[in-house]
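This report concerns only the one structure given below.
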Amino acid sequence: MINLNKMGWNESFNDQFKPYKEQGLSVGRVLKEVRQQYSLYTEEGLLSGDVSGHFHFTAVDRSDYPTVGDWVVFRRCGDYAQIEQVLPRTSAFSRNSSGKEMQEQVVVANIDYLCIICGLDGGRNFNLRSIERFIAMAVEGGARPVIVLNKADLCSDRELAMLQAGSVAEDIPIHMVSAVTGEGVDEFSISFEKGSTLAFSGQSGVGKSSLINCLLGRETLKTRGLRESDLRGRHTTTHKELFFLASGAMVIDTPGMRELQLWGSRASLDKTYSEIHEAAKRCRFRDCTHQNEPGCAVRELLMDGSLEVERYENYSDMRAELSFIESKVNDKKRQQRKAQEKALSKLIRRSQKNNKRK
């Protein structure tokens with residue numbers, strides 16, 4: 001029997017699983033996902049599987065489906081697992097799915113840390129505004145953000161890079177590493193406790209796969225170089241997968257993101273931009289938009305140089321983006337409630353009609 005505790009299994013998950021266990025079902029953690037085909041780590045070993053027909057029928061949107069890191073309840077059919085349920089997640093890293101419809105896409109689930117990987121090799125791989133977006137989404141999903149500055153061997157001014165990262169990090173840990181030379185990798189690896197789950201995220205070309213290979217001590221993942229024309233990364237990782245580290249922690253590799261489309265509420269910005277949140281409490285007007293109102297404490301930070309204009313503009317853009325998402329999601333929920341109420345009303349009328357005939 002394989003010990004699931006090494007995979008992050010705990011009493012909370014065990015309590016949620018008890019009713020299913022009484023039904024003769026089993027539990028496992030999703031290690032890999034490729035086009036809704038899943039590899040599960042179970043007490044009996046590795047199993048392949050997909051979701052059941054009943055799961056397809058009851059799922060409301062994409063966020064209901066399993067993703068890497070999820071604990072799932074399944075029915076074993078020989079060497080195959082038929083997934084019946086996803087246990088409630090303790091955390092998730094989500095983004096808005098591509099397309100016109102607003103819909104949550106859960107990238108990874110049940111992670112303790114979101115490692116925001118940046119590349120110090122020039123180009124667009126070290127962008128403070130992008131880091132702020134990742135921090136906000138880590139906070140939104142309940143994971144602890146960690147900033148990882150990779151390719152330290154190619155950095156001409158390390159002190160400046162640390163100062164720049166620190167300007168948006170506040171109390172967030174920052175690690176400077178090199179997947180090529182191994183510098184800082186051991187210190188980074190042992191900073192995470194046994195049984196914890198990390199997710200690597202960042203733009204294409206920042207060296208996520210190379211860093212995981214370095215942590216594993218073997219060439220497990222394919223890597224590719226940057227485009228010489230603009231130093232932008234080319235997608236190497238095309239699926240999500242969980243790996244075991246010698247330290248006892250686990251790491252999930254995710255495909256590179258050219259642009260992170262936000263998902264969640266404006267509340268996630270309060271911790272990401274704590275100086276703006278605290279200043280807003282001192283604004284003369286409670287509903288201050290921090291644009292042209294008199295007595296705006298946020299504008300005062302801009303005037304005295306305590307708040308960078310670029311950081312404030314990024315905050316404003318993200319706030320507007322999340323406000324738009326909130327309004328669309330609320331509209332969708334209202335429409336769903338109306339449809340449910342209409343269906344219930346129709347069912348009641350039909351029942352009353354049948355009773356009268358009797």
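Since every read-out is calculated from the coordinates, none of them should be taken as a lab result. Nothing here was measured: the structure is a model prediction, and the numbers come from that model. Using ideal geometry, Cβ is built from the backbone for each residue, glycine included, and neighbour counts are taken over all protein chains shown.
Numbers for the structure displayed
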item	result
Net lengthening on full extension, V34/R266 (0.36 nm per residue, minus Cα-Cα)	80.3 nm
Sites D157 and E310, calculated FRET efficiency, Cβ-Cβ separation with R0 22 Å, nearest 0.05	0.70
Ordering of 130-139, 5-14 by packing [mean C-beta count within 10 Å, highest first]	130-139, 5-14
Check: the chain dipole with +1 on Lys, Arg Cβ and -1 on Asp, Glu Cβ, in debye	2640 debye
Per residue convex hull volume, Cα atoms of the stretch 4-86, in Å³	96 Å³
Segment E43-I174, length gained on full extension (0.36 nm per residue, minus Cα span)	43.6 nm
Estimated FRET transfer efficiency when R0 is 30 angstrom, pair R284-A320 (beta carbons, to 0.05)	0.85
Subset of K151/K271; K151/K208; K208/K240 violating a 19 Å alpha-carbon distance limit	K151/K271
Computed over the stretch 112-206, the ratio Rg/Rh where both radii use C-alpha atoms and Rh is Kirkwood	0.93
Fully extended contour minus Cα-Cα distance, from K6 to K194, at 0.36 nm per residue	66.9 nm
The stretch 92-253, Rg to Rh (Cα coordinates; Rh as Kirkwood inverse mean 1/r)	0.94
Computed over the chain, the ratio Rg/Rh where both radii use C-alpha atoms and Rh is Kirkwood	1.03
Tally of Lys pairs whose C-alpha atoms are under 26 Å apart, taken over the stretch 1-105, 8 or more apart or cross-chain	5
Contact order relative to length of the chain, as percent, for alpha carbon pairs under 8 angstrom and 6 or more apart	13 percent
Ordering of 86-94, 206-214, 17-25 by burial proxy (mean other Cβ atoms within 10 Å per residue, highest first)	206-214, 86-94, 17-25
